[in-house]
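Undergrad: Attaching a single structure in structure tokens format; questions to follow.
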Amino acid sequence: MAIMINGAAVAAPGDARVSLLDLLREQLHLTGTKVGCNQGACGACTVLVDGERVLSCLTLAVQADGRSVTTIEGLGSAESPHPLQAAFIKHDGFQCGYCTPGQICAAAAMLREAEAGMPSYLTADLTAAPVLLSRDEVRERMSGNLCRCGAHNGIVDAILEVAAEHAA
Amino acid sequence: MSRVQNVVVGSVRTALGWVPAQWLPGGTPDPLIERRAAIGRQASRLDGPQKVAGEARFAAEVAMDRLVYATLVHSPVTRGRITRLDTAAAEAAPGVTLVMTHRNMPRLGTLPLIGVSDLTAVGNSSLPIMQDGEIRYNGQVVALVLADTQEQADHAAGLIELDYAAETARTRFAEAKAGARTPASILIDKNHVSIGNAERELASAPYRVDYLYRTPGQNHNAIELHALTVAWQGEQLLVHDATQMVAASAAALAKLFGLKKDDVRVLSPFVGGGFGGKGLWDHQILAIAAARLAGRPVRLALSREGVYRIIGGRSPTEQRVAIAADAQGQFTALVHTGYSVMPPYGACPEQYTMGTRSLYRARSVEIVQRHIDLDIVPNTFMRAPGEAIGTFALESAVDELAHAMGVDPIELRLRNLPERHPISGAPFSQHALGQAYRDGAGRFGWERRKAEPGTRREGEWLIGLGCATGSFPYARMPGANVRLTLHADGTATVSCSAQEMGMGTATVQVQHAADRLGLPIDAITFEMGDSALPAAPMAGGSCQTASIAGAMAAAADKLIGELLRLAGNDTPLAGLRAGEVRFADAGIAGIAAPARHETFRSILARAGRETVSVTAAGSMPLEFLKFAMHSSSAIFCALRVSGVTGEVRVDRLLGSFDCGTILNPMTAASQFRGGMIMGLGLALTEETLFDERSGRIMNATLADYHVPAHLDVPEIDVMWTGIPDPRSPLGARGIGEIGITGVAAAVANAVFNATGKRVRELPITLDKLL
Amino acid sequence: MIPVGYVRASSLGAIPPMLAGDGHRLLGGGTNLVDLMRKGVERPSLLIDVTALPATIEEAADGGLVIGAAARNSAVAAHPLVRVRYPILSRAILSGASAQIRNMATVAGNLMQRTRCVYFNDVAGSRCNKRAPGSGCDAIGGFNRYHAILGASSACIATHPSDMCVALAALDARIRVDGPGGARTIPIGEFHRLPGDTPEIETALAPGEVIVAVEVPASPFAGRSTYRKVRDRASFAFALVSVAAGLTLDKERIADIRIAFGGVAPKPWRALQAEALLRGGPATSAAFEAAAAAELAHAEPLAGNAFKRELAKRSLSAILAELAGVSR
Ligand SMILES: Cc1cc2nc3c(=O)[nH]c(=O)nc-3n(C[C@H](O)[C@H](O)[C@H](O)COP(=O)(O)OP(=O)(O)OC[C@H]3O[C@@H](n4cnc5c(N)ncnc54)[C@H](O)[C@@H]3O)c2cc1C
Ligand code: SF4
Ligand code: FES
Ligand code: FES
């Protein structure tokens, strides 16, 4: 087996302690995925595993064996950005840029979750589908990604803009 | 600062009082204030594409051959000494290259503390760094392990056996108050200010408030962990660090390790948030020493817990604010005294009385700060040190007084705004707090506030509105240098060691350079984050922008002279002197006769030059000794408090700022908002839990220390007067820290308006409102 | 973290013998175990990944649900049957952690997650009877804002941090386990244990046993049930107090009722006394308040968590009033 990372097969590490995060950053030099706590508490290490957002710091790399991982590098690049990346620039959804890849990966998955009708704690009617992504809904759904620079407003603006384009 | 320095600063101020303003730097307003093109325009961040793509490289992301990983071991004991140390098992563990303890750590001196006199003094702690077996605070590093992988290093660190003989430690704030020290100065201001007899005025005034306010310790919690990747090449040292002080760190490291200044290179092009916390601490010294011992490049990234253990945060305080007013609401007494923790080996006095010194006029004033010694990791500067929490106490008290008098709190403030600096008597360079209040109140809808607290209810929720003043002093650092290089193709490069932590340093300085040099933005490249470049000051005190701007202005002046010399006589400019020309349209033009113009390209081509380059330092920042230069703000908050649970939900926050010229509305708005959001954390959720029984921080995680999450952050409206400060470069005054000031009080005042409950102890958690 | 082995369990049957070894532990999403391994609280020698086990969510013959142990928290919360019939469970799960963690966390892992007591987590610097039996409890007299006011002992005052389990308690769920002694079913109320003198024993799971599934019986409360979580941050924080409640009305009377608290006790706290007082009685604010007061009368608050008594009372009264549609 292997871990598919942004489309490329990578062997799972021999040391089971290696987190998916450390595999990405230290062994593959995919440093777009960030580390803010190593405790599951900040969201900076968010990546997509089989399309779902997860925390790479609490995922052992061996657990990802046989699965497919998308990191920020797999979403887009400076030259050809993902719509969310472009919207983050437009709305100044970052300052230092450190929480940013995690925010963008989380947002990408979040938009798909909403499309699939996933409710949140704030959703009044749990059975309603599709979910309307209000500002509050986006804020709740993104709360696992901390930003200490305080770019929250821009982040939510950027996501809402992309969500509206999706819907259109 | 010592008493001697007090006298020196005092006498410089007095002397400057007699010097005509035109003689000072900034004496005549920066001409660019009138000629802004790129400045003030919305420009998105130049480094945006890299950052959103994860392509911006941070300090822990530099790849190196033969790299080894470091893990630190922290003392769980607060005071005492190591009695047994067994590293054998750790040394024998797989992958381990080195175990470093006080036994084999190279002998080094201590770091001089951050100060105003010596710009290479940037230490946050003057304690010895792993030089002996003494334990001086809980969390102090006692060992460092290097191994081939982080996992191996972490594991081996756990195999080190240590015993300690614990001694009694000073850990209790209330008990230590008795032994508090009263320093002569707080930064460059005299500490104790006593005008009139405030206690007597208080006793006799028709209206007065007199309360204690408490604020807890806090931590910066930049999302990027403190980290460095370091390599020795012979006697040369290369440090990729996450630091807000590139040049000063390099200089300090050179001194500490006995190296030539040019042999130390610190690189820090991106910093994942600093807020005052990313200075020079023990971990950099330890990693550098270990790399030397091991003969291999080292990466050290602190764990989140490690950051709490060895990087100090904001000090807890207990502050007394008392205000008396006469029947007309004029302040007759203003008292602000209190205690904060500042061990003698630390650098930050937590200047919580600073705002009080400049915001209001009062017939009598009593201000003094006292320092408590505890055995703790030294506290340090954290976003708007002092002012963030000092404005909580002061501006809560003003609101309390307004309520007691039955006067609108804005009205009460406006009645007491000073004409000149209330203590020094110096004229304000520019000051429009009144306008900020009026503009803000209008946009916010202040008139909808009900003066009677606890009277607006929507279902379960009690609604409240509050406001408060924020304040932050202007500063410009001496020792800022900028190199300007013009290229034959007509483009320019601006170089200095400045740091980018999210403020948009490069973006704003490129806008500045474009206007300064008369070039379009895309003709400018900005190089920074490298100590090999001309030294810029640290990013702190919200002064980086003004400091670099001052240096760039000086360099531009020098460049004009150089270009005129190169241009010679065979030019439309012939005969014009430096004072008679200015930069315009990608070249130089006569001021009186703009048609006399020659482009950079043409001048360089004729002179046969590939480049022309000048370096200059900013002038001495005497302007802020002669003038009172302060930014201020009016913060408005609308919130709800659950009548059932006491939970607070902030619905709206508005900041109206008076900060001089706004150089880039987009990045400035983000800076303001960022500060205000940290202010929300300060007001409602953040507290470092320091267990006074043990002297240990107990919530050293981002799960247990609550910084605001997305759902805690409402839409935040920001606006500004935009009035340029005639005494500062570009008319700008610095915007990085003021955002946080005033917010906690605005929230507390709104909570009072909603519930009738006055909370004088931060954070305002729900249990205080049940 | 000490070196650790890793295997994937291919089938349920394979697990019990694998678990026999010293330090052999099951690994679900890892969101608790990996964190605790890094903190040095947990030191397993072998991780047996059970995420390939059944993760199905199926309707049972009695109209209830059977949720596979490896089902992810987010999958449970999003499942159409859960949303319609057990909104209380859906909402409880959605109130917990973050979307990323819910995508990783398994149902079994959530049941088994350990306390967030900061002294428990501080291996290097704090005494903790749960982590090191007999060493003492630094939370007593320390920071105990997040600690228990009900069901604690002088040995340990830690709370169980789960939101999901509070809803499961209100729903009378049963935990299906399998192990050396064969398969059995444990009612949720007996699954988590009070600390007594042995706070290190947290569940009724015997050595070598593995959680196979969670059974949720058919519930008459779907229409009138909810979960409210009160916390220090608007989102992404553990509960100070949470309430799961459901009721059915017969005119103005309460026909049946279920109440469970989170954040106040070492286990999800089923408020049996309040339920008994209310069952068959009038659905009035006064009755709700009296029942809440009676349930909390046994609270033993400490300096840091005394507010929880009032908070729990008020939260419960408010939530019941809301469910019953009576104004307060
Ligand atoms: C930052 C953060 C915030 C959080 N906030 C909340 C919150 O607000 N509310 C909340 O409820 N939770 C919260 N959590 C906790 C989270 O819900 C749990 O970590 C998660 O549910 C555990 O599931 P897991 O599958 O990841 O378990 P793992 O970490 O894989 O395992 C946990 C335990 O379960 C055991 N185990 C796993 N599977 C089985 C099985 N089949 N049979 C027997 N034992 C088994 C493991 O051996 C281990 O002891 C938070 C966690 C973090 C990191
Ligand atoms: S409350 Fe329990 S878990 Fe916390 S320190 Fe005490 S014994 Fe340990
Ligand atoms: S680094 Fe993974 S959540 Fe913080
Ligand atoms: S942009 Fe700096 S932490 Fe979010």
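The values are calculated or read from the model by the stated rules, or taken from the named source; none is laboratory data. Just so we're clear, the structure is a prediction, and the values are computed from it rather than from any experiment. Neighbour counts are summed over all protein chains in view; Cβ atoms, including those assigned to glycine, are modelled from backbone coordinates with ideal geometry. In case anyone asks, the SASA skips ligands and DNA or RNA and just uses the protein heavy atoms, side chains included. Shrake-Rupley method; radii C 1.70, N 1.55, O 1.52, S 1.80 Å.
Undergrad: Do we have B:ALA549 as closer than 18 Å to B:THR28 by Cα and out of contact with any strand residue (DSSP E or B) (no Cβ under 8 Å at 6 or more places or on another chain) here?
TA: On the way: closer than 18 Å to B:THR28 by Cα: yes; out of contact with any strand residue (DSSP E or B) (no Cβ under 8 Å at 6 or more places or on another chain): no.
Against the criterion (closer than 18 Å to B:THR28 by Cα and out of contact with any strand residue (DSSP E or B) (no Cβ under 8 Å at 6 or more places or on another chain)), B:ALA549 does not qualify.
Undergrad: Out of the residues in region B:715-732 that are surrounded by fewer than 24 Cβ atoms within 10 Å (Cβ to Cβ) and in a loop (DSSP other than H, G, I, E, B), which is nearest to the other protein chains (Cβ to nearest Cβ)?
TA: That would be B:GLU715.
Undergrad: Separate question: Please pick out the residue among A:ALA64, A:ALA86, A:ALA44, A:ALA114 that is more than 13 Å from the chain's Cα centre (by Cα) and within 11 Å of chain B (Cβ to nearest Cβ).
TA: Details: A:ALA64 fails: within 11 Å of chain B (Cβ to nearest Cβ); A:ALA44 fails: more than 13 Å from the chain's Cα centre (by Cα); A:ALA114 fails: within 11 Å of chain B (Cβ to nearest Cβ).
Exactly one residue qualifies, and that residue is A:ALA86.
Undergrad: Looking at C:ALA92, C:ALA71, C:ALA77, which one is open to solvent by less than 10 Å² (accessible area, probe 1.4 Å), within 29 Å of C:SER11 (Cβ to Cβ), within 12 Å of chain A (Cβ to nearest Cβ) and not aromatic (Phe, Trp, Tyr)?
TA: Working: C:ALA92 fails: within 29 Å of C:SER11 (Cβ to Cβ); C:ALA71 fails: within 12 Å of chain A (Cβ to nearest Cβ).
Answer to the selection: C:ALA77.
Undergrad: If you don't mind, there's one more thing I want to ask. Working carefully through the options A:GLU79, A:GLU73, find the one that is at the interface with chain B (Cβ under 7 Å from one of its Cβ atoms) and of a type in the set (D, E, K, R).
TA: On the way: A:GLU79 fails: at the interface with chain B (Cβ under 7 Å from one of its Cβ atoms).
Going through A:GLU79, A:GLU73 in turn, just one is at the interface with chain B (Cβ under 7 Å from one of its Cβ atoms) and of a type in the set (D, E, K, R): A:GLU73.
Undergrad: Would you check if there is a residue in region C:173-186 being part of a helix (DSSP H, G or I) and either within 21 Å of C:ARG309 (Cα to Cα) or not assigned by TED's automatic domain parsing to the domain that holds C:ASN32 (or both)? Spell out the reasoning first.
TA: Keep residues of region C:173-186 that are part of a helix (DSSP H, G or I), which gives none.
Among the residues of region C:173-186, not one is part of a helix (DSSP H, G or I) and either within 21 Å of C:ARG309 (Cα to Cα) or not assigned by TED's automatic domain parsing to the domain that holds C:ASN32 (or both), which makes the answer no.
Undergrad: Scan region A:31-60 residue by residue and report those that are within 14 Å of ligand 1 (Cβ to nearest atom) and hydrophobic (A, V, I, L, M, F, W, C).
TA: Passing the criteria: A:CYS37, A:ALA41, A:CYS42, A:ALA44, A:CYS45, A:VAL49, A:VAL54, A:LEU55, A:CYS57, A:LEU58, A:LEU60.
Undergrad: For A:PRO119, only one of the following conditions fails: (1) in contact (Cβ under 8 Å) with a residue 24 or more places away in the chain; (2) facing another protein chain (nearest Cβ under 8 Å); (3) more than 17 Å from the chain's Cα centre (by Cα). What is its number?
TA: Of everything listed in (1) in contact (Cβ under 8 Å) with a residue 24 or more places away in the chain; (2) facing another protein chain (nearest Cβ under 8 Å); (3) more than 17 Å from the chain's Cα centre (by Cα), A:PRO119 misses just condition (1).
Undergrad: Report, by residue number, each residue of region C:85-122 that is under 20 Å from A:GLU115 (Cβ atoms) and more than 15 Å from the chain's Cα centre (by Cα).
TA: Within region C:85-122, C:SER98, C:ALA99, C:GLN100, C:ASN103 qualify.
Undergrad: How about region B:38-86: which of its residues are open to solvent by 60 Å² or more (accessible area, probe 1.4 Å), in contact with a Pro (Cβ under 9 Å, 6 or more places away or on another chain) and closer than 30 Å to B:MET552 by Cα?
TA: Across region B:38-86, the qualifying residues are B:ARG41, B:GLN42, B:GLU55, B:ARG57.
Undergrad: Name the residue that is farthest from B:ALA56 (Cα to Cα), counting only residues in region B:260-279 that are touching a strand residue (DSSP E or B) at 6+ places or on another chain (Cβ under 6 Å) and among the hydrophobic types (A, V, I, L, M, F, W, C).
TA: The first filter runs over region B:260-279 and keeps only residues touching a strand residue (DSSP E or B) at 6+ places or on another chain (Cβ under 6 Å), leaving B:263-268.
Okay, now just the ones that are also among the hydrophobic types (A, V, I, L, M, F, W, C), so B:264, B:266-267.
Working: B:VAL264: 23, B:VAL266: 17, B:LEU267: 13 Å.
Only one residue fits best here, namely B:VAL264.
Undergrad: Return the residue satisfying two criteria in turn: it lies in region A:3-37 and is within 16 Å of ligand 4 (Cβ to nearest atom) and not hydroxyl-bearing (Ser, Thr, Tyr), and of such residues it is most open to solvent (accessible area, probe 1.4 Å).
TA: So, considering only residues that are within 16 Å of ligand 4 (Cβ to nearest atom) and not hydroxyl-bearing (Ser, Thr, Tyr), the one most open to solvent (accessible area, probe 1.4 Å) is A:VAL35.
Undergrad: Output the strands (runs of 3 or more DSSP E) that fall wholly within region B:288-341 and possess 2 or more residues being among the polar types (S, T, N, Q) and within 26 Å of the chain's Cα centre (by Cα), or say none.
TA: Numbers: elements: B:298-301, B:317-325, B:331-341.
Result: B:317-325, B:331-341.
Undergrad: When A:VAL54 is evaluated against the numbered criteria (1) buried (at least 24 other Cβ atoms within 10 Å of the Cβ); (2) assigned to a loop (DSSP other than H, G, I, E, B); (3) not assigned by TED's automatic domain parsing to the domain that holds A:LEU133, which criterion, by number, is the only one it fails?
TA: Against the list (1) buried (at least 24 other Cβ atoms within 10 Å of the Cβ); (2) assigned to a loop (DSSP other than H, G, I, E, B); (3) not assigned by TED's automatic domain parsing to the domain that holds A:LEU133, A:VAL54 comes up short only on (2).
Undergrad: Considering each of B:PRO453, B:PRO418 in turn, give the residue that is surrounded by fewer than 22 Cβ atoms within 10 Å (Cβ to Cβ) and in contact with a helix residue (DSSP H, G or I) (Cβ under 6 Å, 6 or more places away or on another chain). Give the derivation first.
TA: Working: B:PRO418 fails: in contact with a helix residue (DSSP H, G or I) (Cβ under 6 Å, 6 or more places away or on another chain).
The unique qualifying residue is B:PRO453.
Undergrad: I've got another one for you. Being farther than 28 Å from B:GLN671 by Cα, among the acidic types (Asp, Glu) and within 16 Å of ligand 1 (Cβ to nearest atom) is the requirement here; does A:GLU26 meet it?
TA: Working: farther than 28 Å from B:GLN671 by Cα: yes; among the acidic types (Asp, Glu): yes; within 16 Å of ligand 1 (Cβ to nearest atom): no.
Spelling it out, it is not the case that A:GLU26 is farther than 28 Å from B:GLN671 by Cα, among the acidic types (Asp, Glu) and within 16 Å of ligand 1 (Cβ to nearest atom).
Undergrad: To continue, here is another question. Taking the stated definitions as given, is B:ASP163 free of Cβ contacts under 8 Å to residues at least 12 places away in the same chain, surrounded by fewer than 18 Cβ atoms within 10 Å (Cβ to Cβ) and more than 14 Å from chain A (Cβ to nearest Cβ)?
TA: No.
Undergrad: Would you mind stating whether C:ALA167 is surrounded by 18 or more Cβ atoms within 10 Å (Cβ to Cβ), within 14 Å of another protein chain (Cβ to nearest Cβ) and either in contact (Cβ under 8 Å) with a residue 40 or more places away in the chain or away from ligand 2 (no atom under 16 Å from the Cβ) (or both)? Full working, then the answer.
TA: On the way: surrounded by 18 or more Cβ atoms within 10 Å (Cβ to Cβ): yes; within 14 Å of another protein chain (Cβ to nearest Cβ): yes; either in contact (Cβ under 8 Å) with a residue 40 or more places away in the chain or away from ligand 2 (no atom under 16 Å from the Cβ) (or both): yes.
Yes.
Undergrad: Filter region C:9-62 down to the residues that are more than 24 Å from the chain's Cα centre (by Cα), small (Gly, Ala, Ser) and under 30 Å from B:ARG304 (Cβ atoms) and list them by number.
TA: C:GLY23, C:SER45
Undergrad: Among residues belonging to region A:23-41 that are more than 7 Å from chain B (Cβ to nearest Cβ) and of a type in the set (A, V, I, L, M, F, W, C), point out the one that is farthest from the chain's Cα centre (by Cα).
TA: Looking at the filtered set, the residue picked out is A:LEU28.
Undergrad: Moving on. I need every pair where a residue in region C:74-97 that is in contact (Cβ under 8 Å) with a residue 24 or more places away in the chain has its Cβ under 6 Å from the Cβ of a residue that is in a loop (DSSP other than H, G, I, E, B) and away from ligand 4 (no atom under 16 Å from the Cβ), sequence separation at least 6 or different chains.
TA: Listed pairs, sorted by first residue: C:VAL84/A:THR127; C:PRO87/A:LEU126; C:ALA92/C:ASP163; C:SER95/A:TYR121; C:SER95/C:ASP163; C:GLY96/C:ASP163.
Undergrad: Just give me the residues in region B:308-322 being hydrophobic (A, V, I, L, M, F, W, C), crowded, with 24+ Cβ neighbours inside 10 Å and either within 16 Å of ligand 3 (Cβ to nearest atom) or within 18 Å of B:ALA700 (Cβ to Cβ) (or both), in sequence order. Walk me through it before giving the result.
TA: Going through region B:308-322, the residues hydrophobic (A, V, I, L, M, F, W, C) turn out to be B:310-311, B:321-322.
Okay, now just the ones that are also crowded, with 24+ Cβ neighbours inside 10 Å, so B:311, B:321.
Within region B:308-322, just B:ILE311 meets the criteria.
Undergrad: OK, next. Condition first: open to solvent by 50 Å² or more (accessible area, probe 1.4 Å), at pLDDT below 95 and closer than 22 Å to B:LEU300 by Cβ. Can you find one or more residues in region B:104-121 that meet it?
TA: yes
Undergrad: A follow-up question, please. What's the total number of residues in region B:571-600 that are surrounded by 12 or more Cβ atoms within 10 Å (Cβ to Cβ) and over 20 Å from B:ILE521 (Cα atoms)?
TA: Final tally of qualifying residues: 14.
Undergrad: Turning to a different aspect of this structure: Restricted to region B:231-250, and to residues that are in contact with a strand residue (DSSP E or B) (Cβ under 8 Å, 6 or more places away or on another chain) and assigned to a strand (DSSP E or B), which residue is most open to solvent (accessible area, probe 1.4 Å)?
TA: So the residue we want is B:GLN236.
Undergrad: In this structure, is B:ILE372 modelled with pLDDT of 95 or more, touching a Lys or Arg at 6+ places or on another chain (Cβ under 9 Å) and farther than 30 Å from B:SER75 by Cα? Write out each step before concluding.
TA: Numbers: modelled with pLDDT of 95 or more: yes; touching a Lys or Arg at 6+ places or on another chain (Cβ under 9 Å): yes; farther than 30 Å from B:SER75 by Cα: no.
No; evaluated as a whole, the condition is false for this residue.
Undergrad: If you don't mind, another one. B:ASN664 passes all but one of (1) within 14 Å of chain A (Cβ to nearest Cβ); (2) touching a strand residue (DSSP E or B) at 6+ places or on another chain (Cβ under 9 Å); which number fails?
TA: Single failed check for B:ASN664: (2).
Undergrad: Of B:LEU212, B:LEU144, B:LEU127, which residue is assigned to a strand (DSSP E or B) and outside the structural domain of B:THR353 (by TED's automatic domain parsing)? First the steps, then the outcome.
TA: Working: B:LEU212 fails: outside the structural domain of B:THR353 (by TED's automatic domain parsing); B:LEU127 fails: assigned to a strand (DSSP E or B).
Residue meeting the stated conditions: B:LEU144.
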